[in-house]
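Structure first, then comments.
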Amino acid sequence: MVTNVTSLLKTVKTVEDEQQRGTRALEATIDGIDSEIRNYETGNMYIMQEVTPEHLIRITKPVTLATAKAVAAGTSGKQDDVIVVANMGRKAIHDLLMVCRAAANLADSEDLKSRILESGKDCAANYQELLKMIFHILQRPMSATELKHQLTMMSRTIAQSVTDIVSLAEMLKGVDWVDPDDPTFIAENELLGAASSIDLAAKKLANLQPRQTSVKVSGEWVQTFFSV
């Protein structure tokens, strides 16, 4: 009898552990992002040496994907979905903060640098808040209807944060960067190409020498020059 009860308790404990895997992973990610933000603010993190405005734009995509996954996981409440979100979110925010910190050093003004750093922090904090909402939903699934509605609102806030980062990345490019698909840029390139061709043709003409020929005049051979 004692053996049966012990076996039953172990089974219940296993089921409970299985049901809490996602919640524990989510909690660890929330704490991890908190540490990432603190390190970001103090500059106590690895800073990429080779970074461009394009890196800053591209690094926002994983955050967008992780946000969509988080909203879906918060709605479904499935532990496996939550585990995926915990792993995706931690890496996406880590990479975002790392690139934001490095990209800020490309700014040619303190104002732009400050705005890039602040936008990175805001995006990370907003994503962390989204995960906190999901954590509360998992803790109280029967009374989380309002929180589920708020997930969509928070996802929009994160989307705005991402948009801000992309806009700042465009500002980093400055006037010396151009869109290769811009019609004006294409036209300018064609004009420059035509000008180069004309210049090359002019140089070839300038290097040509007159051609010598001989003609017979009054019974004598006389050299004449014909310009080409």
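Annotation: for a label point projected 7 angstrom from Cα along Cα→Cβ of Lys148, residues of region 29-73 with backbone N closer than 14 Å are 71-73.
Structural descriptor for region 94-146: relative contact order 26 percent, calculated from alpha carbon pairs under 8 angstrom and at least 6 residues apart.
Pairs of Cα atoms nearer than 8 Å and 6+ residues apart set the relative contact order; for region 31-162 it is 32 percent. Here each label is just a point 7 Å from Cα along the line to Cβ, and for Thr64 and Lys91 those points are 1.9 nm apart. For the set Lys91/Lys173; Lys61/Lys121; Lys69/Lys148; Lys69/Lys173; Lys78/Lys132, the pairs lying more than 22 angstrom apart at their alpha carbons are Lys91/Lys173; Lys69/Lys173. With kT/(6 pi eta Rh) evaluated at 4 °C and eta = 1.567 mPa s, and Rh the Kirkwood radius from Cα pairs, region 90-177 diffuses with a coefficient of 91 µm²/s according to Stokes-Einstein. Sorting Met154, Met88 by accessible area puts them as Met88, Met154; the probe is 1.4 Å, largest comes first, and only protein heavy atoms count.
For Ser109 and Asp122, the difference between the fully extended length at 0.36 nm per residue and the C-alpha to C-alpha distance is 2.7 nm. A 1.4 Å probe, protein heavy atoms only, puts the accessible area of Ser119 near 10 Å².
The values are calculated or read from the model by the stated rules, or taken from the named source; none is laboratory data. Please read all numbers here as calculations on a predicted model, not as lab measurements. As a convention, Cβ positions derive from the backbone with ideal geometry for all residues, glycine included, and neighbour counts pool all protein chains shown. Protein only, heavy atoms only, side chains kept; ligands, DNA and RNA dropped before computing areas. Shrake-Rupley method; radii C 1.70, N 1.55, O 1.52, S 1.80 Å.
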